[in-house]
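Notes follow once the structure below has been shown.
The values are calculated or read from the model by the stated rules, or taken from the named source; none is laboratory data. Because the structure is predicted, anything quoted here is derived from the model rather than measured. In this analysis, Cβ positions are derived from the backbone assuming ideal geometry, glycine residues included, and neighbour counts consider all displayed protein chains. These accessible areas exclude ligands, DNA and RNA; they are computed on the full protein's heavy atoms, side chains included. Shrake-Rupley method; radii C 1.70, N 1.55, O 1.52, S 1.80 Å.
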Amino acid sequence: MSSHQPWYHGNITRSMAEDLLSKEAKDGSFLLRDSESIQGAYALCVLYQNCVYTYRILPNEEKKLSVQASEGVPIRFFSVLSDLVEAYRKENMGLVTHLQYTVQQQEEAEEESEPNTLPPQLPPRNIPGSEARGSPGDSAREAEPSRLSVMDTYIHRLQHIDMSHISEANQMAIQEYFCSEVGLDAEQVQNGNPTLPNLKKLLMNICKSLNSEISRTLPTLEALLKVVEQPLSPGASRIRGQVKDQVSADASQPVHFRLEQLTKMICLIEEKTKNTVFESVGYEGGHRKSLIPPVTFEVKSESLGISTKMFLKVDVESGKVYFKKSKDGPEDKYFVHNKILQLVKSQKMHTKLVVLVETEKEKTKRQEFVFNDTKKREGFCQLLQQMKNKHSGKPEPDMISVFVGTWNMGNANPPSNITSWFQSKGLGKTHDDTASQIPHDIYVVGTQEDPLGEKEWIDTVKATLRDITNISFKQVATQTLWNIRIVVLAKPEHENRISHIFCDSVKTGIANALGNKGAVAVSFMFNGTSFGFVNSHLTSGSEKKIRRNQNYVSILRFLNLGDKKLNPFDITCRFTHLFWLGDLNYRLDLPTQEAENIVMKIKQQNYQELLSRDQLNMERAEENVFLNYEEEEITFPPTYRFERDTREKYVYTKAKATGTKYNLPSWCDRVLRKSYPLVHVACHSYGCTNDIMTSDHSPVFATFDVGVTSQFVSKNDPTKVSEGAVKFMNCVAVLMTKSKTKFYIEYHSSCLEKFVKGPDGENQENTEGFIKVRFGSLVELTPIIADPEYLLDQHILISIKSTDSDESYGETCVALRAAESNYTEFSEVLMHHGERTGTLTGGIQLRTSEGKQTEKLYDFIKVGDDSGTSKGKPGDHMTKCSQSEKGWNFSPRAGISAGHGVKDVAPGNISPKKTRYDHSVQSPTGKASSPVLRSEDGQPAEMFDNPLYGSTSRGGKDQDTPRKDQLSPPEFFPFPKSSDPDPDRPPPVPTPRNRSFTCTSDTKPQNLLPTPGGSGGSSGTSLQPTAYSKKPVVPSRSEGGMLMAGKPPLPLKFRPGPSQEPQLKPRDYRDSSELPCKIKLPARPSQPLPKDVPHETTQSPKTSRPLK
């Protein structure tokens, strides 16, 4: 069929098709590829006069194919693509030129097979399907030796098995089957009946007494279940009834099925009894709460320059923090959880923490503590965060903790104890022992080369978590592809919060047909927030980084997860939070003779020099893979390739038939993430274990605090029209393409009832392989809910599409929180299939209804500016850089510096070009309301049903209540009143489309894209940063703390000199040997400040804009 034709290139991308035709450089050259916009359709690409013309080939209801050619040309239908291509080789068929030269498919290099890459071996087929097809007699003669060989094999095995303990009747039945009846089953299989009827008969005879015993035991179990179970809801009763019927209805059902159902009933009895007994004695058994023991921290408190030893005891269960002068002293002074207002971490001194508490007189008290090391401070903060979450009284959480782990098991069974992996203990950024008892809300475990069965591995993980947390975690989903597996577990209390679960896998092994390499993935909704998790095992070999990049793109394109209606967007845009983990197999790009030198640098913990040659870091820096993903800084040694049963020796040579193969120590096992802009994500650990040694890989762990949202219910009248509006204006796209077709913008969001199609843009420039498109029309979107509590957590997904094929040329995401205060200009990177395809700049303005936001739990912990003046209540803790900035740029960073992973400046998913505080995110919810799009002439634009929501009917008139304009619109921007489109308007009918054509170029430009925030991204002088005032480094306690704010000055005779200016090089705490971190971080004034964030000044932080 078409897959064997040289001109058919399958699912290659649009940009790749343009490159192939440009290289051909002959008029009439052509190729066919799959359409990116319509499943089952094709795209015919033709080169003529250095331009590429694209024509869609669409199937009709009868599966006949036709080309969308020029107007006035009769439409012809074809049954197969080969007939269509032959017909259009003739002239005057409606194309720009007839088809002449076939562009051949590019041959991919054969990938050599590796040991242990085959799936679990299956019993050999008795009659091979590839037997020569001859006469029936020949077939029978060929089947006979095969049948005899199977019989001989089983008879030989029977002779070596002791069956003296088996009844004589069963012995005879087994011998009779393998001596004669197995051959009859082989004949049945050859004739198309794979049920093995004689084997079933044997099993039924052997298990006859077992079936009778099940029938006798079942009534007893049912009676016991009625006694121990609680009153059930109708739904639960129905489920129990189904289990009962399945077990007892038909005794002729397979024995394994009846045993499985019987096992479920026994487990149900145990669970019901355990719950009842635990509840009667007041023990919750970890099913809804974890019992975290009290933890005491030794700290030093500073007051008036005097350091005093203190002890802080955190009791999570009671919700109290005790302030004690001695470890065994009285516990009469404490603060309850709701009196602890804020934790502020010092940026310069990584062991210092400021605690803001509310005293009895409702005054705010600020206390400073210095912990023994950074881990202790982090453990204290995590315990207090857990205490806040536990006693907040909120019906739904706005932050959860996620554990992500990956381990290449090396086809070896795991050791008996793997608790260190799930407790984030080992090397790198790890958890302190004080926080090891805190359970995570969700555990995502990815394995590669996993030799265990699915159930056996899940039971192992559950048992380990039960030992650590005393919680019986619930299985959310699991997906397995050969020996690649992902398991997702969650706390039982979250069982009803998780929905829309999808699983999928993609093969990227040899010829993309074998599952020894590939990916497994799971996605789901947690209340209103979407999550995606991908576990991949990419191609191995130091020299195959290009193939690994191709694996990534294939997984990205073909994983079928999340909302199926978001066709223009791949998985990088479909989820609020996407985590990518696994054995990515990227190696150190160093010559093999450097092996000993590499090992020496690892022993010296000189990781940064090696990471500068890490292939994944280098490929990311060049934007070849994982564009706009983030990875916590790596501070642990390479996780591959160890000698098994030890972590002291790397084995970097491997003998193969083709010679010695080198596997240099490398960071193969990684965890990366990509989240929507301005959502809360904080990484608390990223490291590897050093005590799990059964594999040549070490397990890797990463833990995150992630902001989530619940389904929002507006308090406003749902029958009235939404008061909110989202306005986009002055949008300009710079696309990396040579095409001159027309483009339009599609707007997708869960806060819109329908996705909105904007008017066509105006092509302004087409030079050097780029096209500049201006979308001058004002686009107004009407959200379904206008409450700021809901709307500021929403995001708008944008897709730039062509008018000729409706294929996307780039997608991006814009956070509505960016326009919280006023009209804001944005500059975003456009991506398509993991590649950078351009930029989009423009302005966004937001209008919400009356209302205020509630404080989020993740705002409890902040990173301070070390100015010593950040006093105040939680509403006043914003740092200077949180002031509203006109023309603020929240586009992700283009690349990473070699040798370093992408690291957050503060706990949150906000890059240094953004503000320092974090926000959450909202996803689909609420009652629908029609969005309105207006063009310049005031007429409604085309409207389509939102795939996320069906059409909804509503009554009522516009609200008369006054609307609150969150943002003051600029003078040049009219604010028309929203109006509903005609609900009965039929969908648009396809019309003849403008053909796209591509101009080729012999030279490839070096500077492909303008920098974000360039043209269209400025807004006058308000974007210019203010003068930066360098602050002195706070001296240590040994110097009397004379420069610290709030301390009385020393007498003149004790001052170092007539000048009150600080010393040029005061002693900095970071230079002290007490710090566990061996890598000194630069002082803050020396860090480069992003141009979009105003520099610090001496202005008081009280002038900062409070959080609403």
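Remarks
- Residues of the stretch 345-363 that are part of a strand (DSSP E or B) and over 23 Å from K325 (Cβ atoms): K345 alone.
- So R644, is it over 24 Å from the mean Cα position of the chain (by Cα) and within 14 Å of M693 (Cβ to Cβ): yes
- Residues being at pLDDT below 95 and within 23 Å of P395 (Cα to Cα) - total across the stretch 475-491: 0
- V476 fulfils the conditions (1) touching a residue at least 60 places away in the same chain (Cβ under 8 Å); (2) buried (at least 18 other Cβ atoms within 10 Å of the Cβ); (3) aliphatic (A, V, I, L, M) except for a single criterion, (1).
- Restricted to the stretch 1-64, the set of strands (runs of 3 or more DSSP E) holding at least 1 residues that are within 33 Å of the chain's Cα centre (by Cα) comprises 29-34, 42-48.
- Take the conditions (1) open to solvent by 10 Å² or more (accessible area, probe 1.4 Å); (2) touching an Asp or Glu at 6+ places or on another chain (Cβ under 9 Å); A818 misses just one of them, which is (2).
- Residue check, T841 over 15 Å from S15 (Cα atoms), of a type outside the set (A, V, I, L, M) and either in a strand (DSSP E or B) or modelled with pLDDT of 95 or more (or both): yes
To keep it simple, each residue is scored yes or no on (1) buried (at least 22 other Cβ atoms within 10 Å of the Cβ); (2) not aliphatic (A, V, I, L, M).
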site: I498; (1), (2): no, no
site: A519; (1), (2): yes, no
site: S523; (1), (2): yes, yes
site: S530; (1), (2): yes, yes
site: N551; (1), (2): yes, yes
site: R574; (1), (2): no, yes
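- Checklist (1) surrounded by 19 or more Cβ atoms within 10 Å (Cβ to Cβ); (2) farther than 28 Å from L566 by Cα; (3) at pLDDT 90 or above; (4) out of contact with any helix residue (DSSP H, G or I) (no Cβ under 8 Å at 6 or more places or on another chain) applied to L44, failing item: (2)
- Filtered residue count, the stretch 371-426, keeping only those that are open to solvent by 50 Å² or more (accessible area, probe 1.4 Å), over 28 Å from T639 (Cβ atoms) and outside any helix (DSSP H, G or I): 5
- Qualifying residue in the stretch 668-680 (condition: over 30 Å from Q794 (Cα atoms) and not charged (D, E, K, R)): yes
- Residues of the stretch 499-516 satisfying the condition of being in a loop (DSSP other than H, G, I, E, B) and touching a residue at least 60 places away in the same chain (Cβ under 8 Å): G509, L514, G515, N516
- Hey, N512 on the phi > 0 side of the Ramachandran plot and either of a type in the set (D, E) or open to solvent by 20 Å² or more (accessible area, probe 1.4 Å) (or both) or not: yes
- The stretch 21-38, residues that are farther than 18 Å from T97 by Cα, in contact (Cβ under 8 Å) with a residue 40 or more places away in the chain and either in contact with a Pro (Cβ under 6 Å, 6 or more places away or on another chain) or of a type outside the set (D, E) (or both): S35, S37, I38
- Taking first residues from the stretch 361-374 that are free of Cβ contacts under 8 Å to residues at least 24 places away in the same chain and more than 11 Å from F297 (Cα to Cα) and partners that are among the β-branched types (V, I, T) and buried (at least 18 other Cβ atoms within 10 Å of the Cβ), the Cβ contacts under 9 Å between residues at least 6 apart in sequence or on separate chains come to K365/V355.
- Pick from the stretch 15-41, criterion more than 17 Å from S82 (Cβ to Cβ) and touching a His at 6+ places or on another chain (Cβ under 9 Å), ranking: surrounded by the fewest Cβ atoms within 10 Å (Cβ to Cβ): M16
- Among the residues making up the stretch 418-438, those that are without any contact (Cβ under 8 Å) to a residue 60 or more places away in the chain and not charged (D, E, K, R) are T419, Q423, A435, S436.
- Those helices (runs of 4 or more DSSP H) of the stretch 171-290 in which at least 3 residues are open to solvent by 70 Å² or more (accessible area, probe 1.4 Å) and at pLDDT below 70, considering only elements entirely within it, cover 234-248, 255-280.
- Residue, farthest from G582 (Cα to Cα), within the stretch 464-498, restricted to residues that are in a helix (DSSP H, G or I) and among the hydroxyl-bearing types (S, T, Y): T469
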